[in-house]
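Q: Here it is, the structure in full.
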Amino acid sequence: MTTYREFLEAKRPVAPILGTPIEPGAIHPILKDFQRAIVRWAVQGGRRAIFAKFGLGKGMMQQEVVQLQQPVKMKWCVDCHRSNKASITCNICHELGQ
């Protein structure tokens, strides 16, 4: 006979792992430790959204998730910046020398 706690645990939904395994070193070092952990969780789980408060770097985390799943070429970045009238000065998004 199962306990009530075991009964509840058996009913708890578990999200399937649909992503790809990723080594922590594959994530860009510009991200902070908590951001790298979130990116790794999102990539490995697949179909996961990142919900974070203002100023925590959601955009950078989302960009890294995409980059790890589908590497983006420089032309794509420049075209996107131009179509959105954003700066195409590389050192705004990228640290020089990396």
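The values are calculated or read from the model by the stated rules, or taken from the named source; none is laboratory data. Note that this is a predicted model, so its numbers are computed, not measured. All Cβ positions, even for glycine, are placed from backbone atoms using ideal geometry, and neighbour counts span all protein chains on display.
Q: Name the single residue that is farthest from the chain's Cα centre (by Cα) among those in the stretch 1-33 being acidic (Asp, Glu) and not in a loop (DSSP other than H, G, I, E, B). If you could, list the steps in order and put the result at the bottom.
A: Here is the first cut: in the stretch 1-33, the ones acidic (Asp, Glu) are 6, 9, 23, 33.
Going one step further and asking which of them are not in a loop (DSSP other than H, G, I, E, B), we end up with 6, 9, 33.
Numbers: 6: 33, 9: 29, 33: 13 Å.
That would be 6.
Q: So, in the stretch 1-56, how many residues would count as being of a type in the set (Ser, Thr, Tyr) and either within 14 Å of residue 67 (Cα to Cα) or touching an Asp or Glu at 6+ places or on another chain (Cβ under 6 Å) (or both)?
A: Kept after step one, since they are of a type in the set (Ser, Thr, Tyr), are these residues of the stretch 1-56: 2-4, 20.
Now narrow it down to the ones that are either within 14 Å of residue 67 (Cα to Cα) or touching an Asp or Glu at 6+ places or on another chain (Cβ under 6 Å) (or both): 20.
Looking only at that region, the number is 1.
Q: Would you mind stating whether residue 30 is touching a residue at least 60 places away in the same chain (Cβ under 8 Å) and either out of contact with any Phe, Trp or Tyr (no Cβ under 6 Å at 6 or more places or on another chain) or closer than 21 Å to residue 17 by Cα (or both)? Before the answer, list the steps.
A: Values: touching a residue at least 60 places away in the same chain (Cβ under 8 Å): yes; either out of contact with any Phe, Trp or Tyr (no Cβ under 6 Å at 6 or more places or on another chain) or closer than 21 Å to residue 17 by Cα (or both): yes.
Answer is yes for this residue.
Q: Restricted to the stretch 34-65, and to residues that are loosely packed, with under 13 Cβ neighbours inside 10 Å and outside any loop (DSSP other than H, G, I, E, B), which residue is modelled with the lowest pLDDT?
A: Looking at the filtered set, the residue picked out is 59.
Q: Does residue 83 meet the test of being exposed (fewer than 15 other Cβ atoms within 10 Å of the Cβ), modelled with pLDDT under 80 and not hydrophobic (A, V, I, L, M, F, W, C)?
A: Values: exposed (fewer than 15 other Cβ atoms within 10 Å of the Cβ): yes; modelled with pLDDT under 80: no; not hydrophobic (A, V, I, L, M, F, W, C): yes.
No, not satisfied.
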